[in-house]
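Please treat every number below as a calculation from the coordinates, not as lab data. Since we're looking at a predicted model, the values are computed, not measured. Cβ sites come from the backbone with ideal geometry, for glycine too, and all protein chains shown count toward neighbours.
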Amino acid sequence: MTHRPLCAAWALALLTTCTGSSEPTADRPALRATTTTSAAFASDAGFIAFGDFGGGPAQGAVADAMTAWADDHRVDALVTTGDNVYDVGDPSLFDDHLDRPYADLRTTRPLWVSLGNHDVQSGHGDEQLAYLDLPPLPYVKQLEGVDLFFLDANRPDAEQAAWLRERLAESEATFQVALFHQPAYSCATHGSTPAVVELWVPVFEEAGVDLVLNGHDHLYEHFESPSGVHYVVTGGGGRNLYPFREPCPHQSMLRDYAEEHHFTAVEVTGDAMTVTAVSAEGAVLERFSARPRDGGRPG
């Protein structure tokens, strides 16, 4: 497992804000619940993102690290970047892969998912969404100060791009986050997704999306476009890890990567969004901040 912090070497050239420092079975949980996050946490909203986990050897360790994080940070929802139920989205595994590992977290928090190729390849994607009481993809969820747009990258198309443009134009939140499985940018096993780059990236860049969260490649990667969109691959939720491959064709946008099991926490406070990648051992792999891209948002 490899973590390569790029901040020190690239700080002057990339002007990014990040750190590599460290910080410190049950019944099936309710599928929908009202969040009861302690008012002691200063953040207006927070959520945990993770992907590529279902039934993996490190799923329990990552779930435990998520639970520990939630003891000290605001977490209003759990969100996934897909490949939630391996290998073929079998409904008989929903309880084992979606419920039991996160039982403590889900007693007061919803689970909002995107679907990966393993979730849909045998036709069980709709069953998984129904099981979690979620609408068909694409859909929108809202937290204080942030709107989350869940897309289906198993079929990246112009129709979803148009849907996203319309929903972004309607959004009044300070921050906009897009979530889907196959990554816009990656330098690992699967690599970037051409149809996503062609059809969806222009929307992210032009319409003011602040953060894009993906999975599919089983590691952590962070890219930042020249216009300030942050693209994060968070696919280290529990399955076997993938190697980062060099040379990386997106080197100019690369900010950091880690071949580690992990989750990604997002916290919103006023006009600041803080993104923290945390390993299964509880170490901070990277932390960076984003500001709202008001200039790019539709009027």
Residues located in the range 93-109, provided they are crowded, with 21+ Cβ neighbours inside 10 Å and of a type outside the set (Lys, Arg): His97, Leu98, Pro101, Tyr102
Extreme residue, surrounded by the fewest Cβ atoms within 10 Å (Cβ to Cβ), among residues of the range 239-274 that are more than 22 Å from Ala63 (Cβ to Cβ) and of a type in the set (D, E, K, R): Glu246
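Residues checked against (1) within 14 Å of the chain's Cα centre (by Cα); (2) within 27 Å of Glu166 (Cβ to Cβ):
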| site | (1), (2) |
| --- | --- |
| Phe204 | no, yes |
| Asp210 | yes, yes |
| Glu224 | no, yes |
| Leu241 | no, no |
| Gln251 | no, no |
| Val278 | yes, no |
| Leu285 | no, no |
Sole exception among (1) buried (at least 17 other Cβ atoms within 10 Å of the Cβ); (2) farther than 25 Å from Val268 by Cβ for Ala195, by number: (1)
From Ala290, Ala280, Ala207, Ala258, residue being of a type outside the set (Ser, Thr, Tyr), out of contact with any Cys (no Cβ under 6 Å at 6 or more places or on another chain) and within 25 Å of Arg155 (Cβ to Cβ): Ala207
Test for Gly82: is it crowded, with 22+ Cβ neighbours inside 10 Å, on the phi > 0 side of the Ramachandran plot and touching a strand residue (DSSP E or B) at 6+ places or on another chain (Cβ under 9 Å): yes
Subset of the range 220-242 [in a loop (DSSP other than H, G, I, E, B) and touching a strand residue (DSSP E or B) at 6+ places or on another chain (Cβ under 6 Å)]: Gly236, Gly237, Leu241
Count - residues of the range 70-86 that are closer than 15 Å to Gly123 by Cα and not aliphatic (A, V, I, L, M): 4
